[in-house]
Structure formats: C-alpha cells, structure tokens
Amino acid sequence: MIWVWILTAIVALLAISVAIFVVKELWQTLLVLVIGGIVITLILLIYHYLIPKSKFKMGKKQKNIYGKNLEKCEPKDINPRSGSAMEDGTCSEIGGGFHQICVKNIGEGKSFSGKTGQSDWSKTRGEKSHCACLGAWANYVAATNNDKTLKCASIPETALKSEYVDNWKTWNQNTISGQAQKGIDELYKQCSKQDTDPKSQKYLRKLLCDLKKGGHISSDFC
C-alpha cells in the first residue's frame with residue numbers, strides 16, 4: 001500500500017537528519033544528503049514502476065452483472081480483507097484466487113470451505129457475506145445440493161467475462177468435471193430473480209450469451 005512506502009520515505013528522512021546532526025565535516029554532510037536523496041528516489045521509483053497496481057482502483061465505479069454500480073459484499077466488515085474483498089469492500093479481485101462471488105451468510109448451513117477441500121474457516125464468518133473464489137463457488141455447487149444464497153448486486157461483471165471464465169473450471173485438487181457450467185447455471189437461477197428490472201436482466205443475459213457464443217458454456221441464454 002502507498003502508506004507503507006510513505007512511512008519508509010519518512011524513516012529514511014529521519015535517518016538522514018540524524019546522520020547530518022552527527023557528522024561534523026561539510027563534505028560528509030553533503031555525502032549523506034546525496035545518498036539519502038538517491039535512496040528516497042529509488043523508493044519512489046520502485047513504488048511507481050514495480051509494485052503491481054490493481055486494475056480496479058478505489059473510487060472508480062465498477063459494474064456488476066446487472067450493469068449497475070458494484071455493491072460492497074459485506075458492509076459490516078471493518079477490514080474488508082477479512083471477507084476476501086478488495087480495499088473498497090467489493091469482490092473485484094482479478095488475480096490470485098479471483099474472489100468475485102459474493103456469498104451471503106457463508107458461515108451458515110453446510111461448510112462452504114470444508115466441502116471444497118479447505119479448512120473450516122467459513123464457519124468463523126457466521127452470518128457475514130464473503131467474497132468466494134470463482135472456482136470454489138463452482139466446486140461447491142457441483143459437490144453439494146447448494147444451500148448458499150448469492151448477493152448478485154455484489155458480483156462484478158468480470159465474473160462472467162471470457163478472459164476469466166477458465167477460473168470457474170478448476171479448484172485446487174478438488175476439481176469436478178463440469179463444475180463451471182453448474183456454478184454459472186446456479187448463478188443465473190438466483191440472479192435472474194434478485195433484480196427483475198428488464199434492463200438488468202438483459203445485461204445479465206448478454207454476458208452469459210457472450211460466453212455461450214465463445215464456446216465457454218453450453219446453456220443457451222441468448
């Protein structure tokens with residue numbers, strides 16, 4: 001995060017100040033200033049050019065699968081990361097586990113994490129919603145008689161984009177054949193009922209239709 005780098009720069013400046021106070025010779029002071037300036041410049045360059053930046057920046061409104069502003073998954077989380085959300089509270093991760101499926105009350109009922117080959121961490125979430133991985137959601141639906149409810153307004157449109165659809169198909173060592181189709185079918189089953197605005201439904205079907213045309217799914221939503 002940027003505050004880490006700012007703090008690092010401040011510490012470097014303090015170290016330079018102390019060094020200047022200690023040294024007596026003018027040439028030594030100038031040398032300390034030059035070295036300090038180089039260090040701070042390197043810190044800023046590393047942050048600017050080498051630290052990966054999320055394509056989803058806070059403050060930039062993202063669209064959900066209805067074409068509307070993406071909503072936070074669990075507003076009650078003081079630390080969004082505890083719910084696998086991004087810093088702005090949305091399920092918009094586009095790397096790592098691709099946590100893009102907002103599951104309501106994930107700690108209730110069957111163990112979401114246990115049924116997908118993980119530790120029983122989901123129980124600790126209780127009634128809170130959680131950003132689940134695309135593959136984990138598909139795997140859970142394929143492995144169980146699904147008892148989880150989605151918060152569709154908190155699912156980003158990227159979850160149904162062709163460049164990310166492969167992340168539905170596998171899940172660690174627990175991949176089930178055809179899990180992507182089952183996970184997407186269940187998403188449509190629920191999300192077609194949560195926002196009945198014709199424009200929202202048209203937007204959702206368009207996303208799914210594009211996946212069909214691309215040969216990624218078999219169900220025809222066109």
Q: Would you please list the contacts, defined by Cβ atoms under 6 Å and residues six or more apart or on different chains, that run from a residue in segment 60-85 that is without any contact (Cβ under 8 Å) to a residue 12 or more places away in the chain and not assigned by TED's automatic domain parsing to the domain that holds Asn105 to a residue that is outside any loop (DSSP other than H, G, I, E, B) and of a type outside the set (A, V, I, L, M, F, W, C)?
A: Lys61/Asn69
**Q.** Residues (hydrophobic (A, V, I, L, M, F, W, C) and either within 17 Å of Ala85 (Cβ to Cβ) or at pLDDT below 95 (or both)) located in segment 144-167
**A.** Leu150, Cys152, Ala153, Ile155, Ala159, Val165
**Q.** Of the criteria (1) under 25 Å from Gln118 (Cβ atoms); (2) part of a helix (DSSP H, G or I); (3) at pLDDT below 95; (4) not β-branched (Val, Ile, Thr), which one Asn174 fails
**A.** (2)
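In this structure, is Lys206 among the charged types (D, E, K, R) and within 24 Å of Lys68 (Cβ to Cβ)?
So Lys206 passes the test.
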Q. How many of the residues making up segment 60-102 are surrounded by fewer than 16 Cβ atoms within 10 Å (Cβ to Cβ) and hydroxyl-bearing (Ser, Thr, Tyr)?
A. 1
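Conditions (1) surrounded by 14 or more Cβ atoms within 10 Å (Cβ to Cβ); (2) within 16 Å of Thr116 (Cβ to Cβ), marked per residue:
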| position | (1), (2) |
| --- | --- |
| Tyr140 | yes, yes |
| Thr149 | yes, no |
| Cys152 | yes, no |
| Pro156 | yes, no |
| Ala159 | yes, no |
| Lys169 | yes, yes |
| Gly183 | yes, yes |
| Gly214 | no, no |
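Okay, residues lined up against (1) touching a His at 6+ places or on another chain (Cβ under 9 Å); (2) at pLDDT 95 or above:
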{"site": "Asp88", "(1), (2)": "no, no"}
{"site": "Ile94", "(1), (2)": "no, no"}
{"site": "Gly97", "(1), (2)": "no, no"}
{"site": "Gln100", "(1), (2)": "no, yes"}
{"site": "Ser119", "(1), (2)": "no, no"}
{"site": "Thr124", "(1), (2)": "no, no"}
{"site": "Glu127", "(1), (2)": "no, no"}
{"site": "Cys131", "(1), (2)": "yes, yes"}
**Q.** Conditions (1) surrounded by fewer than 23 Cβ atoms within 10 Å (Cβ to Cβ); (2) in a helix (DSSP H, G or I): number failed by Ser122
**A.** (1)
Q: Return yes when Asp147 is of a type in the set (Asp, Glu), in contact with a Ser or Thr (Cβ under 8 Å, 6 or more places away or on another chain) and in contact (Cβ under 8 Å) with a residue 12 or more places away in the chain and no when it is not.
A: no
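The values are calculated or read from the model by the stated rules, or taken from the named source; none is laboratory data. Note that the structure is a prediction, hence the values are computed from the model and not measured. No Cβ is skipped: glycine too gets one built from the backbone with ideal geometry, and neighbour counts run over all protein chains shown.
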